[in-house]
1. So how many residues does segment 32-82 have that are within 12 Å of the chain's Cα centre (by Cα) and assigned to a loop (DSSP other than H, G, I, E, B)?
2. Looking only at segment 1-26, count every residue that is part of a strand (DSSP E or B), modelled with pLDDT under 95 and open to solvent by less than 10 Å² (accessible area, probe 1.4 Å) and tell me the total.
3. How about segment 53-67: which of its residues are within 24 Å of THR3 (Cα to Cα) and without any contact (Cβ under 8 Å) to a residue 60 or more places away in the chain?
4. So PHE29 ticks every box in (1) at pLDDT below 95; (2) open to solvent by less than 70 Å² (accessible area, probe 1.4 Å); (3) over 14 Å from THR80 (Cα atoms) but one. Which box is left unticked?
5. For segment 42-54, how many residues meet the condition of being loosely packed, with under 15 Cβ neighbours inside 10 Å and farther than 13 Å from GLN77 by Cα?
6. Just checking, how many residues over segment 1-46 are free of Cβ contacts under 8 Å to residues at least 60 places away in the same chain, touching a strand residue (DSSP E or B) at 6+ places or on another chain (Cβ under 8 Å) and small (Gly, Ala, Ser)?
Amino acid sequence: MMTPDLYTDVALNRDIPEAGLRCGTVAAFIDRVPHPQGGEDGAILEVFSVTGDTLAVVTVPLSSIEALREDDVFSVQRLTVR
C-alpha cells in the first residue's frame with residue numbers, strides 16, 4: 001500500500017460520494033492517521049480549487065489514493081457536496 005510523502009499531490013482512485021469527490025480528484029496528502037480499531041490507516045487530504053482556495057479536508061482510507069503519474073492530465077470537475 002502506498003504511503004506518499006507529506007504535502008505531495010495524490011489522486012483518488014475511487015469516488016468518495018459523501019464528500020462529493022470523484023475518482024481522479026487531485027489533493028494534497030496532509031497526514032496519515034491510524035485506524036482506532038486496528039483497521040486500515042487513513043489519509044488526510046486537502047482539496048483545493050483551481051484558484052488555490054481550500055474546498056475540503058477529508059479523511060479517506062489509504063488504499064483510496066495513488067501517486068500522480070507522468071501520463072496523468074488535469075480536468076475540471078465541480079465539487080458536488082459542500
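1. Residues meeting the conditions: 1.
2. Residues flagged as part of a strand (DSSP E or B), modelled with pLDDT under 95 and open to solvent by less than 10 Å² (accessible area, probe 1.4 Å) within segment 1-26 amount to 1.
3. First, pick out the residues of segment 53-67 that are within 24 Å of THR3 (Cα to Cα): 54-67.
Answer for segment 53-67, where residues must be within 24 Å of THR3 (Cα to Cα) and without any contact (Cβ under 8 Å) to a residue 60 or more places away in the chain: THR54, LEU55, ALA56, VAL57, VAL58, THR59, VAL60, PRO61, SER64.
4. With respect to (1) at pLDDT below 95; (2) open to solvent by less than 70 Å² (accessible area, probe 1.4 Å); (3) over 14 Å from THR80 (Cα atoms), PHE29 is out only on (1).
5. Of the residues in segment 42-54, 4 are loosely packed, with under 15 Cβ neighbours inside 10 Å and farther than 13 Å from GLN77 by Cα.
6. 5
The values are calculated or read from the model by the stated rules, or taken from the named source; none is laboratory data. Predicted model, so just to flag it, every value in this text is computed and none were measured. For neighbour counting, all protein chains shown are included, and Cβ atoms are generated from backbone atoms with ideal geometry for every residue, glycine included. The protein model used for the area step is the full one, side chains on, heavy atoms only, and it has no ligands, DNA or RNA in it. Shrake-Rupley method; radii C 1.70, N 1.55, O 1.52, S 1.80 Å.
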